[in-house]
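K.L.:
The following block contains the structure, expressed as structure tokens.
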Amino acid sequence: MEGLKDIKGFVEVPDQSFLYFMLTVSGTVLFILALITLFVWYRKPKRKRKRLSAKEQAIINLEAIDFSNTKEAVYSFSENTQKIKEEDDGLKTLLEKLETYKYKKEVPTLKEEDREAMEKFIKELTHA
């Protein structure tokens, strides 16, 4: 054996298996975290803005009537009350009384009794 001179000594081979292991583990952890995040994001209930029904919108419009502008108040009142309630005798007579404030270029100011009747009717509709 002493005659063999072509056998060389040990050569150190760089070992990078730990690096590959850590990259694999960290990649797997990141992938799982991404999946969990996506799952939670899609499962989270999204808040949708509630759309108001025609009745609810009419009630809001009735409560916001500005009685200083007579013509606008009468038009808004007649339009929105018909969306909420079918015409009964009380509503029909009130709307007939308010006809004098409609369809004219110049309208007189709203009488106090008509205004009170409108406010009373609005309170009945909104608090019923």
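K.L.:
Scan the stretch 61-92 residue by residue and report those that are part of a helix (DSSP H, G or I) and loosely packed, with under 12 Cβ neighbours inside 10 Å.
P.N.:
Of the stretch 61-92, the ones part of a helix (DSSP H, G or I) are 61-63, 70-84, 89-92.
Matches in the stretch 61-92: 89, 92.
K.L.:
Here's a check for you: in the stretch 37-60, which residue that is of a type in the set (Ser, Thr, Tyr) and surrounded by 10 or more Cβ atoms within 10 Å (Cβ to Cβ) is nearest to residue 126 (Cα to Cα)?
P.N.:
My answer is 53.
K.L.:
Determine, yes or no, whether residue 26 is in a loop (DSSP other than H, G, I, E, B) and among the polar types (S, T, N, Q). Walk me through how you get there before you give the answer.
P.N.:
Working: in a loop (DSSP other than H, G, I, E, B): no; among the polar types (S, T, N, Q): yes.
No: the conditions fail for residue 26.
A quick yes/no check of all residues on (1) under 30 Å from residue 76 (Cβ atoms); (2) in a helix (DSSP H, G or I); (3) touching a Pro at 6+ places or on another chain (Cβ under 8 Å):
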site	(1), (2), (3)
20	no, yes, no
30	no, yes, no
41	no, yes, no
46	no, no, no
50	yes, no, no
55	yes, yes, no
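K.L.:
Given the residues 119, 113, 79, which is the only one that is acidic (Asp, Glu) and over 22 Å from residue 54 (Cα atoms)? Spell out the reasoning first.
P.N.:
On the way: 119 fails: over 22 Å from residue 54 (Cα atoms); 79 fails: over 22 Å from residue 54 (Cα atoms).
Only one candidate qualifies: 113.
K.L.:
On to the next question. For residue 115, state whether it is in a helix (DSSP H, G or I) and under 36 Å from the mean Cα position of the chain (by Cα). Even if it seems obvious, please write down each step before you answer.
P.N.:
Details: in a helix (DSSP H, G or I): yes; under 36 Å from the mean Cα position of the chain (by Cα): yes.
When the stated conditions are applied, residue 115 passes them.
K.L.:
Name every residue in the stretch 60-80 that is more than 13 Å from residue 114 (Cβ to Cβ) and in contact with a Leu (Cβ under 6 Å, 6 or more places away or on another chain), in order of residue number.
P.N.:
80
Rundown of residues vs (1) of a type in the set (A, V, I, L, M); (2) closer than 30 Å to residue 105 by Cα, yes/no style:
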{"site": "6", "(1), (2)": "no, no"}
{"site": "9", "(1), (2)": "no, no"}
{"site": "48", "(1), (2)": "no, no"}
{"site": "51", "(1), (2)": "no, no"}
{"site": "61", "(1), (2)": "no, yes"}
{"site": "74", "(1), (2)": "yes, yes"}
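K.L.:
Right, another one. Given the structure, is residue 32 surrounded by 10 or more Cβ atoms within 10 Å (Cβ to Cβ) and free of Cβ contacts under 8 Å to residues at least 60 places away in the same chain? Please lay out each step first, then the result.
P.N.:
Details: surrounded by 10 or more Cβ atoms within 10 Å (Cβ to Cβ): yes; free of Cβ contacts under 8 Å to residues at least 60 places away in the same chain: yes.
Answer is yes for this residue.
K.L.:
Is it the case that residue 18 is surrounded by 10 or more Cβ atoms within 10 Å (Cβ to Cβ), among the aromatic types (Phe, Trp, Tyr) and free of Cβ contacts under 8 Å to residues at least 40 places away in the same chain?
P.N.:
On the way: surrounded by 10 or more Cβ atoms within 10 Å (Cβ to Cβ): no; among the aromatic types (Phe, Trp, Tyr): yes; free of Cβ contacts under 8 Å to residues at least 40 places away in the same chain: yes.
Spelling it out, it is not the case that residue 18 is surrounded by 10 or more Cβ atoms within 10 Å (Cβ to Cβ), among the aromatic types (Phe, Trp, Tyr) and free of Cβ contacts under 8 Å to residues at least 40 places away in the same chain.
We did not get these values from a lab; they are worked out from the coordinates using the rules stated. Since the structure is predicted, the reported quantities are computational estimates derived from the model, not experimental observations. Positions of Cβ are backbone-derived with ideal geometry, glycine not excepted, and every protein chain shown enters the neighbour counts.
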